[in-house]
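**Student:** Before I ask anything, let me first share the structure, which is written out below as structure tokens.
The values are calculated or read from the model by the stated rules, or taken from the named source; none is laboratory data. Since the model is a prediction, treat every value here as computed from it, not as a measurement. Positions of Cβ are generated from backbone atoms using ideal geometry, with glycine treated the same way; all protein chains shown enter the neighbour counts.
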Amino acid sequence: MRSSDLGLGRRAFWRRRCPACGRAFRLRPTPGAAAELAGELVRRVPHANAAEIASEGASAGGCLCPYCGRQGPLELFLGRAQESFFDGAAEWIAAEVRFEQLRLAERTLGQNPYLTFLALPPAPPRLPAPAEVNELSAVPLLCCGGGLEIERGWEGDLHCPYCGR
Ligand SMILES: [Zn+2]
Ligand SMILES: [Zn+2]
């Protein structure tokens with residue numbers, strides 16, 4: 001998985017889109033964000049043992065929109081490019097699992113000599129996700145020193161996505 005696939009911009013800021021006002025911004029990844037993104041990917045792969053996987057707790061960190069102050073779980077703040085990336089990656093992982101299950105029958109041919117199918121490897125996911133075009137520029141956050149990039153031309157108040165001020 002390349003960092004650009006997840007919308008990581010230059011200097012490794014993570015792109016977000018607010019579900020309420022639709023504006024884009026970028027944040028420096030927080031320690032919990034990688035775990036949240038991994039949880040989001042896991043959530044999209046269909047599991048035979050879904051009940052055993054606790055992905056609910058993965059969204060505890062959440063995200064806050066610097067423009068309108070909307071707060072919510074991280075998955076609501078994924079941009080379209082990230083959404084399609086996750087969907088493609090999850091599909092591919094599910095197909096890989098099916099492929100390995102079929103190949104198990106091939107590998108144990110001695111016990112099962114009358115195999116009636118040939119397992120084909122799944123096509124790779126449709127990646128990379130399309131780039132999002134609107135330009136963002138860095139603003140200093142005086143409250144806590146966190147890094148933030150917002151849409152050019154924004155002149156309203158800002159909410160700090162790190163400390164909430
Ligand atoms: Zn917003
Ligand atoms: Zn702050």
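**Student:** Hey, could you check region 36-64 for residues that are acidic (Asp, Glu) and over 18 Å from residue 85 (Cβ atoms) and say which is modelled with the lowest pLDDT?
**Tutor:** Only one residue fits best here, namely 56.
**Student:** Residue by residue through region 65-119, note down the ones that are hydrophobic (A, V, I, L, M, F, W, C), part of a helix (DSSP H, G or I) and more than 26 Å from the chain's Cα centre (by Cα).
**Tutor:** 102, 104, 105, 109 - these are the residues of region 65-119 that are hydrophobic (A, V, I, L, M, F, W, C), part of a helix (DSSP H, G or I) and more than 26 Å from the chain's Cα centre (by Cα).
**Student:** Would you check if there is a residue in region 20-35 being out of contact with any Cys (no Cβ under 7 Å at 6 or more places or on another chain), surrounded by 13 or more Cβ atoms within 10 Å (Cβ to Cβ) and modelled with pLDDT under 65?
**Tutor:** Scanning region 20-35 turns up no residue that is out of contact with any Cys (no Cβ under 7 Å at 6 or more places or on another chain), surrounded by 13 or more Cβ atoms within 10 Å (Cβ to Cβ) and modelled with pLDDT under 65.
**Student:** Identify, please: which residue in region 139-162 is among the hydrophobic types (A, V, I, L, M, F, W, C) and under 17 Å from residue 18 (Cα atoms) and is, among those, farthest from ligand 2 (Cβ to nearest atom)?
**Tutor:** So, considering only residues that are among the hydrophobic types (A, V, I, L, M, F, W, C) and under 17 Å from residue 18 (Cα atoms), the one farthest from ligand 2 (Cβ to nearest atom) is 154.
**Student:** Within region 113-123, does at least one residue satisfy the condition of being surrounded by 11 or more Cβ atoms within 10 Å (Cβ to Cβ), of a type outside the set (Ser, Thr, Tyr) and at pLDDT 85 or above?
**Tutor:** no
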